[in-house]
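Undergrad: Dumping the structure here so I can ask a few things about it.
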Amino acid sequence: MRNLFALISGGLFGTGLFISGMTDTRKVQGWLDVFGEWDPTLAFVMGGAIIPMFIAWSLTNNRTPALGGMFPPKPDPVIGRNLIIGSTLFGLGWGLVGLCPGPAIASLSFGGLQGATFVLAMGVGMYISPMVKARLDAAAAAV
Amino acid sequence: MQIDWLFGLAGGVIIGLAGAVYLLVNGRIMGASGIIGGLVDGSAGSQAKERIWFLVGLFGVPTVLALLLGDIRGDGPAETYATSNLAAVIIAGLLVGVGTRMANGCTSGHGVCGISRLSLRGIAATVFYIMAGGFGVVIFKHLLGWV
């Protein structure tokens, strides 16, 4: 059952990304390009996605997930170095090519060589991320 | 142009429904970078199977839609229009991979799931990656002309 609903959720996610135009890197870069021909589509996608999710979060109060277990606890509201540096690195890569992890997978079948190369490089980046983080931690400790 | 906004809004609601199913049924946060990253570094453990099924849906359904419909706006085959500069693609992939794992989330986890929970971390991450993305477009596109 868990696998079935994971498949349904992933399928809906892919459908939404495809319909919204988020697998088109021109639309993503258009949103980020405030000095070019600015494209507000991404704001509509974000806004549209936040509405059902907001309702979903409000339904988690005093309940447990339908298939058992616990809802994920709210993390400490600490905005640390890793969150800031990590999000900045992510944003730079996102701006450079216009792909983030979800749309990169969703567009893999029609993304050509660039799409496959991106996913491969992203996988390598995810794998080496803890090592990069350890280096930064060591550098920060030395300062 | 406005039709794109409607497609955006409709697609966005479906993305939100996907996150709602994953949360309310499976009890998990729908974060693409976490789902993929946990499989890449082996930290997914017993969750590996359901994550693989999630990715099968995420990859499979748009594949079928692209074959049947082509581009959603009907302008021919589906395309990402990503740059053909492979060096830029590799750098971007590495930055996205390293960054999302370091920050523990991307556009789906911090953006969609975090903001809707009024999570301070999600909101802060979103502000930083959008600012960096805008900065990146100015530098890489307008100043350096890489893409």
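The values are calculated or read from the model by the stated rules, or taken from the named source; none is laboratory data. Note that the coordinates shown come from a computational prediction; the quantities given were computed from them, not determined experimentally. So basically every Cβ, Gly included, is an ideal-geometry build from the backbone, and we count neighbours across all protein chains shown. Ligands, DNA and RNA are excluded from the accessible area calculation, which covers all protein heavy atoms including side chains. Shrake-Rupley method; radii C 1.70, N 1.55, O 1.52, S 1.80 Å.
Undergrad: Within 10 Å, count the other beta carbons around each residue, average over each peptide in A:73-82, B:93-102, A:126-135, and list them highest first. Provide the component values of the computation, followed by the final result.
TA: Values: A:73-82: 11.8, B:93-102: 28.5, A:126-135: 16.5.
Sorting A:73-82, B:93-102, A:126-135 by mean packing, highest first, produces B:93-102, A:126-135, A:73-82.
Undergrad: Taking Cα pairs under 8 Å and at least six residues apart, what relative contact order does chain A come out at, in percent? It would help to have the intermediate numbers written out before the result.
TA: Details: 65 pairs, mean separation 39.8, N = 143.
The normalised contact order for chain A reaches 28 percent.
Undergrad: Give me the percent of accessible area attributable to carbon and sulfur for region B:20-112, probe 1.4 angstrom. Intermediate values should be presented prior to the final figure.
TA: Values: 2260 of 3490 Å².
Looking at region B:20-112 in its full context, I get 65 percent from C and S.
Undergrad: Can I ask one more? How much net charge surrounds A:Asp33 when only the other residues with a Cβ under 12 Å from the Cβ of A:Asp33 are counted, with Lys and Arg +1 and Asp and Glu -1?
TA: Values: positive: A:Arg26, A:Lys27, B:Lys141; negative: A:Glu37, A:Asp39.
Once all neighbours under 12 Å are counted, the net charge is +1.
Undergrad: Ignoring ligands, DNA and RNA, what accessible area per residue does chain B give at 1.4 Å, in Å²? Don't skip to the answer; put the middle values down first.
TA: On the way: 6030 Å² over 147 residues.
Value for chain B: 41 Å² per residue.
Undergrad: Still on this structure, I have one more. I'd like the interface area for chains B and A: accessible area of each alone minus the complex, both sides summed, 1.4 Å probe, protein heavy atoms only. What is it in Å² to the nearest 100? If you can, show how the numbers build up before the last one.
TA: Working: alone 10690 and 11040 Å², together 12410 Å².
Separately minus together, B and A give about 9300 Å² buried.
Undergrad: Related question: When the helices in chain B are scored as -39500 (n - 2.57) per DSSP H run of 4 or longer and the sum is shared across all residues, what 222 nm value do you end up with, to the nearest 500 deg cm²/dmol?
TA: Value at 222 nm, helices only, nearest 500: -20500 deg cm²/dmol.
Undergrad: OK, next. What is the percent carbon and sulfur in the accessible area of region A:67-110, measuring with a 1.4 Å probe over the protein chains and ignoring ligands? Provide the component values of the computation, followed by the final result.
TA: Details: 1150 of 1650 Å².
Of the solvent-accessible surface of region A:67-110, carbon and sulfur hold 69 percent.
Undergrad: So how far, in whole Å, is the C-alpha centre of region A:1-64 from the one of region B:69-96?
TA: Each part's Cα centre sits 18 Å from the other's.
Undergrad: Need one number: the % of Cα-Cα pairs in region A:2-142 sitting beyond the 20 Å mark. If you can, show how the numbers build up before the last one.
TA: On the way: 6240 of 9870 pairs.
When all Cα pairs of region A:2-142 are counted, 63 percent exceed 20 Å.
Undergrad: Just counting partner chain Cβ atoms within 10 Å, what average do the residues of peptide A:127-137 show around their Cβ? It would help to have the intermediate numbers written out before the result.
TA: On the way: counts 7, 5, 12, 5, 1, 6, 3, 0, 0, 1, 0.
Across the residues of A:127-137, the mean count of other-chain Cβ atoms within 10 Å is 4.
Undergrad: Under unit Cβ charges (Lys, Arg +1; Asp, Glu -1), what dipole magnitude, rounded to 20 debye, does the protein assembly as shown have relative to its Cα centre?
TA: On the way: 16 positive and 12 negative charges, 168 e Å.
With Lys and Arg at +1 and Asp and Glu at -1, about 800 debye.
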